[in-house]
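> Below is one structure. I have some questions about it.
The values are calculated or read from the model by the stated rules, or taken from the named source; none is laboratory data. Since the structure is predicted, the reported quantities are computational estimates derived from the model, not experimental observations. Every residue, glycine as well, gets a Cβ built from its backbone with ideal geometry; the counts of neighbours run over all protein chains shown. When the accessible area is computed, the model is the full protein with side chains, heavy atoms only, and any ligands, DNA or RNA have been set aside. Shrake-Rupley method; radii C 1.70, N 1.55, O 1.52, S 1.80 Å.
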Number of protein chains: 4
Amino acid sequence: MIHIDLRSREPIYEQLVNNIKELIFSGILQPDEKLPSVRELASQLTINPNTIQKAYKELENLGYIYSARGRGNFVMPVDDKSGVKNSVELLKKITELVKEANYVGISKEFIKQIIEDVYRKKIDKGGIE
Amino acid sequence: MIHIDLRSREPIYEQLVNNIKELIFSGILQPDEKLPSVRELASQLTINPNTIQKAYKELENLGYIYSARGRGNFVMPVDDKSGVKNSVELLKKITELVKEANYVGISKEFIKQIIEDVYRKKIDKGGIE
Amino acid sequence: MIHIDLRSREPIYEQLVNNIKELIFSGILQPDEKLPSVRELASQLTINPNTIQKAYKELENLGYIYSARGRGNFVMPVDDKSGVKNSVELLKKITELVKEANYVGISKEFIKQIIEDVYRKKIDKGGIE
Amino acid sequence: MIHIDLRSREPIYEQLVNNIKELIFSGILQPDEKLPSVRELASQLTINPNTIQKAYKELENLGYIYSARGRGNFVMPVDDKSGVKNSVELLKKITELVKEANYVGISKEFIKQIIEDVYRKKIDKGGIE
DNA sequence: GTGGTCTAGACCACT
DNA sequence: GTGGTCTAGACCACT
């Protein structure tokens, strides 16, 4: 379930990164599970392999996957990556967005409901393409 | 209280946009309040006026400020801007980040506390430079 | 003083990374000093700009430089980067090499002398190309 | 005591090479001692025999082991291998890393202590698997 | 002018 | 088969 919008202002490789992060966070891609090969994904999405490569490299730098030459790319198990620094960054971003939600008049109950839904995994998933 | 980090990977104009959005959401900049002029802010921050101009233009496109020819730039009052489309986008972003928080093991109580703090305006503010 | 050996088994971009790290560690490149632009270095070394870009990106990931679109790449000041994790890795590598030196019969006095020389900056430098 | 990390970015054959070098430098593998056979090690580590073969071949090229047709692979005695060229390379590498240590603020006393520990064999060993 | 993205296509390294 | 490196060349984004 990877969807790339070629017209988007967001770079293709970044869309890929976000799509795959989504699949990992949703549990659709399990720890140590193999991702599609660079060439395979490139031909499926009709995107240049270099772009896929770049996205995978970025996901590796971010600590979400690991790469092994001759074998493939795999989902990094959770314990190995959740650095404190990243969590702080994440909470900062959430705080910014909640401030904006407050400003535009979204009720706090609404946001709390989102949190409940996410933590109960009620929110829709999707299989890999 | 605008802080620009010249070392940041984030483009300067984008830092400006985010800084000013922050000031608006926090209520430090009030509806219809005048923003510093392009030249003034440029000289204060020792940044190219074109970059300030670009940030103001972006804020206008996003619906957070309006520009009055020959008079300056002003904060857009809330009712005039809070489009449904923007709110949907905002909630999507929050949902994504909450999923990630869940994935890395941050408790939902922790996030709910952030929401409480933001809505009670307990979170620190800052005045314009 | 960047020297690339096109025949080397070591990838070009990696040679670049090591060369530039050298320049930084030797103090030839000072904190916040601007590196040659991607295109400039590419034409000087007659190497594809993409390869220079890749090396700079890697140096950024490693925390040795920072990159700013439209402005250039700059040496990251020391305090911002020297993570504990990296130091541990570094000391591990040194330990491995010292074990090997011991094995092949290099005296410990010899190695200690190297350390003295490095810390007294007696070891030869070189200017950027 | 050979440990292979399938998740590591470092190629498996290279991990093998480094592991075995370690065992040799630590004296756990003695001169002229026989290494496990390719098949034996492959089945122990559940790794492709071709990969083991490649690692052994590499160790032979580096001068750390020798292969005797039909009998197996053996540790090369010290006097036969410690080429001047290798020592120079080794000292270069150590110098580079010590420069980095200096740059990131590690004290020279700290490094000297490592040297003392290694030469007194205080540093922990490990037996072959 | 400066960095960043992307394609097309070749070739190498590892399993 | 799989990831990684590199070139050539086009075009976009930011200052």
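> What number of residues within the stretch C:6-26 satisfy the criterion of being near DNA strand F (Cβ under 10 Å from one of its atoms) and in a loop (DSSP other than H, G, I, E, B)? Spell out the reasoning first.
Our first condition is that a residue be near DNA strand F (Cβ under 10 Å from one of its atoms); within the stretch C:6-26, this holds for C:6, C:8-17.
Of the ones still in play, those that are also in a loop (DSSP other than H, G, I, E, B) are C:6, C:8-11.
The qualifying residues number 5.
> Answer with yes or no whether B:Ser87 is more than 16 Å from DNA strand F (Cβ to nearest atom), small (Gly, Ala, Ser) and in a helix (DSSP H, G or I).
Numbers: more than 16 Å from DNA strand F (Cβ to nearest atom): yes; small (Gly, Ala, Ser): yes; in a helix (DSSP H, G or I): yes.
Judged against the criteria, B:Ser87 is a match.
> Among the residues in the stretch A:93-107, are any more than 8 Å from chain B (Cβ to nearest Cβ), surrounded by fewer than 20 Cβ atoms within 10 Å (Cβ to Cβ) and more than 30 Å from B:Leu62 (Cα to Cα)?
Start the filter on the stretch A:93-107 by keeping residues that are more than 8 Å from chain B (Cβ to nearest Cβ), which leaves A:107.
Next, only the ones that are surrounded by fewer than 20 Cβ atoms within 10 Å (Cβ to Cβ) stay: A:107.
Still in the running and more than 30 Å from B:Leu62 (Cα to Cα): none.
No, the stretch A:93-107 contains no residue that is more than 8 Å from chain B (Cβ to nearest Cβ), surrounded by fewer than 20 Cβ atoms within 10 Å (Cβ to Cβ) and more than 30 Å from B:Leu62 (Cα to Cα).
> Now for a separate question. Could you list all residues from the stretch C:32-49 that are in a helix (DSSP H, G or I), open to solvent by 40 Å² or more (accessible area, probe 1.4 Å) and either within 14 Å of DNA strand F (Cβ to nearest atom) or not charged (D, E, K, R) (or both)? Can you show your working first?
Step one: list which residues in the stretch C:32-49 are in a helix (DSSP H, G or I), which gives C:38-45, C:49.
Imposing the further condition that a residue be open to solvent by 40 Å² or more (accessible area, probe 1.4 Å) reduces the set to C:39-40, C:43-44, C:49.
If the condition is that a residue be in a helix (DSSP H, G or I), open to solvent by 40 Å² or more (accessible area, probe 1.4 Å) and either within 14 Å of DNA strand F (Cβ to nearest atom) or not charged (D, E, K, R) (or both), then C:Arg39, C:Ser43, C:Gln44, C:Pro49 are the ones that fit.
> Give the residue that is farthest from DNA strand E (Cβ to nearest atom), with candidates limited to residues of the stretch C:71-83 that are assigned to a helix (DSSP H, G or I) and not hydrophobic (A, V, I, L, M, F, W, C). Spell out how you get there, then give the answer.
As a first pass, look at the stretch C:71-83 and keep what is assigned to a helix (DSSP H, G or I): C:78-80.
Cutting the leftovers down to not hydrophobic (A, V, I, L, M, F, W, C) gives us C:79-80.
Working: C:Asp79: 22, C:Asp80: 17 Å.
This residue is C:Asp79.
> For the stretch A:15-43, how many residues meet the condition of being more than 19 Å from B:Asn102 (Cβ to Cβ) and among the charged types (D, E, K, R)?
Residues that pass the stated criteria total 4.
> Continuing with the same structure: Mind listing whichever residues of the stretch D:50-66 are without any contact (Cβ under 8 Å) to a residue 12 or more places away in the chain and open to solvent by less than 90 Å² (accessible area, probe 1.4 Å)? Give the derivation first.
If we filter the stretch D:50-66 for residues that are without any contact (Cβ under 8 Å) to a residue 12 or more places away in the chain, which is where we start, we get D:50, D:57, D:61, D:66.
Across the stretch D:50-66, the qualifying residue is only D:Tyr66.
> Name the residues in the stretch B:34-70 that are away from DNA strand E (no atom under 16 Å from the Cβ) and of a type in the set (Lys, Arg), would you?
Correct list: B:Lys34, B:Arg39, B:Lys57, B:Arg69.
> Report whether or not B:Phe74 is aromatic (Phe, Trp, Tyr) and at pLDDT 90 or above. Talk me through it step by step, then tell me what you get.
Numbers: aromatic (Phe, Trp, Tyr): yes; at pLDDT 90 or above: yes.
The answer is yes for B:Phe74.
> Condition check: more than 14 Å from chain D (Cβ to nearest Cβ) and either in contact with a Gly (Cβ under 9 Å, 6 or more places away or on another chain) or more than 14 Å from DNA strand F (Cβ to nearest atom) (or both). Does C:Glu60 satisfy that? First the steps, then the outcome.
On the way: more than 14 Å from chain D (Cβ to nearest Cβ): yes; either in contact with a Gly (Cβ under 9 Å, 6 or more places away or on another chain) or more than 14 Å from DNA strand F (Cβ to nearest atom) (or both): yes.
Yes; evaluated as a whole, the condition is true for this residue.
> In the stretch C:50-68, what count of residues is obtained for those that are polar (S, T, N, Q) and not in a helix (DSSP H, G or I)? Walk me through how you get there before you give the answer.
Our first condition is that a residue be polar (S, T, N, Q); within the stretch C:50-68, this holds for C:50-51, C:53, C:61, C:67.
Right, trim to not in a helix (DSSP H, G or I) and you get C:67.
Residues that pass the stated criteria total 1.
> Ok, one more. Taking the conditions exactly as written (in contact (Cβ under 8 Å) with a residue 24 or more places away in the chain and in a loop (DSSP other than H, G, I, E, B)), does C:Leu29 satisfy them or not?
Numbers: in contact (Cβ under 8 Å) with a residue 24 or more places away in the chain: yes; in a loop (DSSP other than H, G, I, E, B): yes.
Criteria met by C:Leu29.
> Residue under question is C:Arg69, and the condition is that it be within 16 Å of DNA strand F (Cβ to nearest atom), at pLDDT below 95 and surrounded by fewer than 13 Cβ atoms within 10 Å (Cβ to Cβ); does it hold?
On the way: within 16 Å of DNA strand F (Cβ to nearest atom): yes; at pLDDT below 95: yes; surrounded by fewer than 13 Cβ atoms within 10 Å (Cβ to Cβ): yes.
Judged against the criteria, C:Arg69 is a match.
> Can C:Lys21 be described as away from DNA strand E (no atom under 15 Å from the Cβ), basic (Lys, Arg) and open to solvent by less than 40 Å² (accessible area, probe 1.4 Å)?
Details: away from DNA strand E (no atom under 15 Å from the Cβ): yes; basic (Lys, Arg): yes; open to solvent by less than 40 Å² (accessible area, probe 1.4 Å): yes.
So C:Lys21 fits the description; yes.
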